[in-house]
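The structure under discussion appears below in the form of structure tokens.
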Amino acid sequence: MATAARPRRSVLYMPGSNARALEKGKTIPADALILDLEDATAPDAKELARTQVVEAVRAGGFGPREILIRVNGLETAWGQADLVATATAGAHGVLLPKVESADMVRKADAILASAGAPDDLALWCMMETPMGVLNAKEIAGATPRLAGFVMGTSDLAKDTHAAHTPMRLPMLTSLSWCLLAARACGLAIVDGVYLDLQDDEGFAASCQQGVELGFDGKTLIHPKTVAAANAAFAPSADEIDFSRRIIAAHAEAAAEGKGVVVVDGKLVENLHVENARRLVALADAIAASEATA
């Protein structure tokens, strides 16, 4: 399911069992919310969380925010019921945890379809286990309903016995492998969370690394980090201006039968124009989203 330009700079987890948090999500300037039935919900609150989340999504009021519901795994006592309940709730997508195979994705897709899910209800996959990362290519092409990956770096670090280092060197292979698989299949992909809420400098560095690697945005665990993520993953004013000039100059050159053009001393070819159009489309989508928030 290839998606049009849509900002996913900040993707905030919200506990499904906390009704106040669900209501607060309507006012937080995050691009997307993950209403969580899995890790953020205790076992004895799973049923309540499912009911609250479905009712909240059906009631609406989230504005331009993209709404994903993270269900419990199909191997759990709640997973299948979660998928059935969320199939027609009106969310933009359903997020599957601990995905390790294409068959797992196709099974979830079949359950959603049989429960009446509309064709535009997207599936997203948490990439958070060694097996999931190794099978990223097959998972990314599992079903046309698939729209994106969410990196689960905390679980991945646990399973690989890796350390949480400032530069995330132990994570780079997994991050890059999943990013390649996502881009090869036209999927969106967002980076994992940053755990130290007191370390603003470290969070900023993690966001910058995510931008440089090519992620669309970052998953977050606290509203206070939303503004910084939005700023980090948005095209800068200079980038937007340069992109618009690239597009205009290349169009003028093409009209004259030229394949390349020089802008600010830099050679511009079709590949640069494609990226410029992507950045301008993203900037326009951000502006439209903020205008309706």
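The values are calculated or read from the model by the stated rules, or taken from the named source; none is laboratory data. Quick caveat: nothing in here was measured; it's all calculated off a predicted structure. Glycine also receives a Cβ, built like all others from the backbone with ideal geometry; neighbour counts cover every protein chain displayed.
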Take the residues of segment 141-183 that are assigned to a helix (DSSP H, G or I) and among the basic types (Lys, Arg): which is nearest to Ser206 (Cα to Cα)?
Lys158
Can you run down the residue pairs with Cβ atoms below 6 Å, 6 or more apart or on separate chains, where the first is in segment 8-31 and at pLDDT 95 or above and the partner is in a loop (DSSP other than H, G, I, E, B) and among the basic types (Lys, Arg)?
Asp31/Arg8; Asp31/Arg9
Could you give every pair whose Cβ atoms fall below 6 Å, whose first residue belongs to segment 77-95 and is buried (at least 19 other Cβ atoms within 10 Å of the Cβ), and whose second residue is at pLDDT 95 or above and among the aromatic types (Phe, Trp, Tyr), counting only separations of at least 6 or pairs across chains?
Gly93/Trp124; Leu95/Trp124
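Can you go through Glu201, Glu128 and tell me which one is among the acidic types (Asp, Glu) and either touching an Asp or Glu at 6+ places or on another chain (Cβ under 9 Å) or over 23 Å from Ser10 (Cα atoms) (or both)?
Working: Glu201 fails: either touching an Asp or Glu at 6+ places or on another chain (Cβ under 9 Å) or over 23 Å from Ser10 (Cα atoms) (or both).
Just one listed residue meets the conditions, Glu128.
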Okay, helices (runs of 4 or more DSSP H) sitting entirely in segment 1-109 with 3 or more residues that are under 29 Å from Asp159 (Cβ atoms), I get 46-59, 79-86
Count, please, the residues in segment 212-228 that happen to be touching a Phe, Trp or Tyr at 6+ places or on another chain (Cβ under 6 Å) and surrounded by fewer than 19 Cβ atoms within 10 Å (Cβ to Cβ).
1
Residues being within 18 Å of Gly192 (Cβ to Cβ) and among the hydrophobic types (A, V, I, L, M, F, W, C): count how many of those fall in segment 215-249.
8
Restricting the search to segment 165-187, which residues are in contact with a Ser or Thr (Cβ under 9 Å, 6 or more places away or on another chain) and farther than 18 Å from Glu100 by Cα?
Pro166, Arg168, Pro170, Gly186
If Asp199 passes every condition in (1) touching a helix residue (DSSP H, G or I) at 6+ places or on another chain (Cβ under 8 Å); (2) under 24 Å from Ala40 (Cβ atoms); (3) without any contact (Cβ under 8 Å) to a residue 24 or more places away in the chain; (4) not β-branched (Val, Ile, Thr) but one, which one does it miss?
(1)
Within segment 229-253, can you find the residues that are over 23 Å from Gly210 (Cα atoms) and surrounded by fewer than 16 Cβ atoms within 10 Å (Cβ to Cβ)?
Arg244, Arg245, Ala248, Ala251, Glu252
Please go through segment 110-140 and give me each residue that is in a loop (DSSP other than H, G, I, E, B) and either of a type in the set (A, V, I, L, M) or surrounded by 16 or more Cβ atoms within 10 Å (Cβ to Cβ) (or both), ordered by number.
Ala115, Ala117, Leu121, Glu128, Thr129, Asn135
